[in-house]
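Chemist: For reference, the structure I am asking about is given below.
The values are calculated or read from the model by the stated rules, or taken from the named source; none is laboratory data. Fair warning: this is a prediction, and the values are worked out from it, not measured in the lab. With ideal geometry, Cβ positions are generated from the backbone for all residues, glycine too; neighbour counts draw on all protein chains shown.
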Amino acid sequence: MYVLGIETSCDETSVSVVKDGRDVLSNIVSSSLKFHRKYGGVIPEIASRMQLETINQVAQEALSEAGIRLKDISLVAVTSGPGLLGSLLVGISFAKGVSFSLGVPLVGVNHIHAHFYANFLNAQAIKFPFIALVVSGGHTSLFFVRDFQRIDILGQTQDDACGEAFDKVAKILGLQYPGGPLIEQLAKKGKGRRIKFNCSGTTGNLDFSFSGIKTAVLYYLQRKDTRSRIQKAEIASGFQEAVIDALVKKSLLACRVKKTGRLVVGGGVIANNRLRERLSLAAKEAGISCFFPPEGLCADNAAMAAGFGYQLYRRGFRSGLDLTA
Ligand code: KG4
Ligand code: ZN
């Protein structure tokens, strides 16, 4: 079954064709990032306008790269939330149009769930149940996944999302948006934990908090009047290690609490190599198998929406034309 996936939750316009929930035939991602950079973050109105202008073209490219025609599509899956309201509405309206005109079913997909589903694309199936950690620019969540329809939330951020903290700390350090990859680069020039930060302060055991550490970095910088690149590298490194401490600790704790030996991760922040390295090592030491999304499927993309939508469809789930963001 060919599924057309549509993802417009943030600055990306992405359309993908996925066969039977696993084989990615095409996955076109067009980003409006360069128009947001000078503002230091995504401007919702700019994002949705660009999506409106590009979605048709992106969909045509996705079909042509997959080597199929529109009439070959049997299901339309679309990200219906969470995300930027205007942006989501562009994707949803487009998806409804395609679904209605072809007379094929429509499935709305939760964006955060789709992030961990990326692990199932072009890859072997992972056995249920498992713990899923999703770390992106908008979310930081731990789930207990019994199957694709029974997903319990175990913990989440109480304030800033993990990627958001990377972006804000990058801004404090004078780096561009999005700051995650730049912090990672800068941290390589630092020496691990010469400057110590921490991410404590959450109430629930499996919840996260990244707002305090951001402020701690700001105060540190103000106190020390740190301007040199090498000092900034030490700050970036200390910050990154502290964030990773929290992600590793809580993910493994979730595995222990739920007595599962499988940890599946996803989201834009998972592109961070230091995080991958430390998660893999800690999981191995604890006897847990840790799964990462295939290359290029950590950040926002429509393939994960198409794949996850297919799984929901197979389990009887359908959305109506009243689907909204
Ligand atoms: O999943 P994603 O593409 O979009 C959302 O759903 O939010 O994640 C984007 C986030 C941004 O905050 C970005 O700074 C962060 O992922 N990110 C990283 C890295 N690459 C992207 N954070 C840390 N290290 C990276 N290498
Ligand atoms: Zn995302």
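Chemist: Identify, by number, the condition in (1) more than 16 Å from ligand 1 (Cβ to nearest atom); (2) out of contact with any Cys (no Cβ under 9 Å at 6 or more places or on another chain) that Phe130 doesn't meet.
Modeler: Phe130 satisfies all of (1) more than 16 Å from ligand 1 (Cβ to nearest atom); (2) out of contact with any Cys (no Cβ under 9 Å at 6 or more places or on another chain) except (2).
Chemist: State which residue is nearest to the chain's Cα centre (by Cα) when the search covers only the stretch 151-207 and only residues that are of a type in the set (Lys, Arg) and within 16 Å of ligand 1 (Cβ to nearest atom).
Modeler: So the residue we want is Lys168.
Chemist: In the stretch 259-268, which residues are outside any loop (DSSP other than H, G, I, E, B) and either within 16 Å of ligand 2 (Cβ to nearest atom) or β-branched (Val, Ile, Thr) (or both)? Before the answer, list the steps.
Modeler: Here is the first cut: in the stretch 259-268, the residues outside any loop (DSSP other than H, G, I, E, B) are 262-266, 268.
Of everything in the stretch 259-268, those that are outside any loop (DSSP other than H, G, I, E, B) and either within 16 Å of ligand 2 (Cβ to nearest atom) or β-branched (Val, Ile, Thr) (or both) turn out to be Val264, Val265, Gly266, Gly268.
Chemist: Applying the selection to the stretch 205-248, what residues are farther than 16 Å from Leu275 by Cβ, in a helix (DSSP H, G or I) and touching a Cys at 6+ places or on another chain (Cβ under 9 Å)?
Modeler: Applying the first criterion (farther than 16 Å from Leu275 by Cβ) to the stretch 205-248 yields 205-207, 209, 211-212, 214-235.
After this cut, where a residue has to be in a helix (DSSP H, G or I) as well, the list is 211-212, 214-224, 229-235.
Answer for the stretch 205-248, where residues must be farther than 16 Å from Leu275 by Cβ, in a helix (DSSP H, G or I) and touching a Cys at 6+ places or on another chain (Cβ under 9 Å): just Gly212.
Chemist: Lys127 fails exactly one of the following numbered conditions: (1) part of a helix (DSSP H, G or I); (2) at pLDDT 95 or above. What is the number of that condition?
Modeler: All conditions are met except number (1).
Chemist: What number of residues in the stretch 21-45 are crowded, with 16+ Cβ neighbours inside 10 Å and free of Cβ contacts under 8 Å to residues at least 40 places away in the same chain?
Modeler: So the count comes out to 4.
Chemist: Search the stretch 256-269 for residues being within 22 Å of Pro294 (Cα to Cα) and not β-branched (Val, Ile, Thr), and hand back the single one that is nearest to ligand 1 (Cβ to nearest atom).
Modeler: Checked the stretch 256-269; the qualifying residue nearest to ligand 1 (Cβ to nearest atom) is Gly268.
Chemist: Only one of Asn272, Asn205 is polar (S, T, N, Q), closer than 26 Å to Ile126 by Cβ and in contact with an Asp or Glu (Cβ under 9 Å, 6 or more places away or on another chain); which?
Modeler: Details: Asn205 fails: in contact with an Asp or Glu (Cβ under 9 Å, 6 or more places away or on another chain).
Every option except Asn272 fails the conditions.
Chemist: Further, regarding this structure: Do any helices (runs of 4 or more DSSP H) lying entirely in the stretch 14-107 carry at least 3 residues that are at pLDDT 95 or above, and which ones are they?
Modeler: Values: elements: 33-36, 44-66, 85-102.
Because the criterion is at least 3 residues that are at pLDDT 95 or above, the helices (runs of 4 or more DSSP H) in the stretch 14-107 that meet it are 44-66, 85-102.
Chemist: Assigned to a loop (DSSP other than H, G, I, E, B), among the small types (Gly, Ala, Ser) and within 14 Å of ligand 2 (Cβ to nearest atom): is that true of Gly137 in this structure?
Modeler: On the way: assigned to a loop (DSSP other than H, G, I, E, B): yes; among the small types (Gly, Ala, Ser): yes; within 14 Å of ligand 2 (Cβ to nearest atom): yes.
Criteria met by Gly137.
Chemist: Next up: Search the stretch 1-42 for residues being of a type in the set (A, V, I, L, M) and closer than 23 Å to Phe166 by Cα, and hand back the single one that is farthest from ligand 2 (Cβ to nearest atom). Quick ask: steps written out before the conclusion?
Modeler: To start, the set of residues in the stretch 1-42 that are of a type in the set (A, V, I, L, M) comprises 1, 3-4, 6, 15, 17-18, 24-25, 28-29, 33, 42.
Next, from what is left, pick out any that are closer than 23 Å to Phe166 by Cα: 29, 33, 42.
Numbers: Val29: 12, Leu33: 14, Val42: 12 Å.
Across the stretch 1-42, the extreme among qualifying residues is Leu33.
Chemist: Determine which single condition Glu285 fails, assuming it passes every other condition in (1) within 22 Å of Phe144 (Cβ to Cβ); (2) in contact (Cβ under 8 Å) with a residue 40 or more places away in the chain.
Modeler: (2)
Chemist: Return the total of residues in the stretch 159-204 being surrounded by fewer than 16 Cβ atoms within 10 Å (Cβ to Cβ) and part of a loop (DSSP other than H, G, I, E, B).
Modeler: So the answer is 14.
Chemist: Restricting attention to the stretch 269-310, and to residues there that are part of a helix (DSSP H, G or I) and of a type in the set (Val, Ile, Thr), which single residue is surrounded by the most Cβ atoms within 10 Å (Cβ to Cβ)?
Modeler: If we filter the stretch 269-310 for residues that are part of a helix (DSSP H, G or I), which is where we start, we get 269-271, 273-285, 302-310.
Going one step further and asking which of them are of a type in the set (Val, Ile, Thr), we end up with 269-270.
Values: Val269: 29, Ile270: 27.
This residue is Val269.
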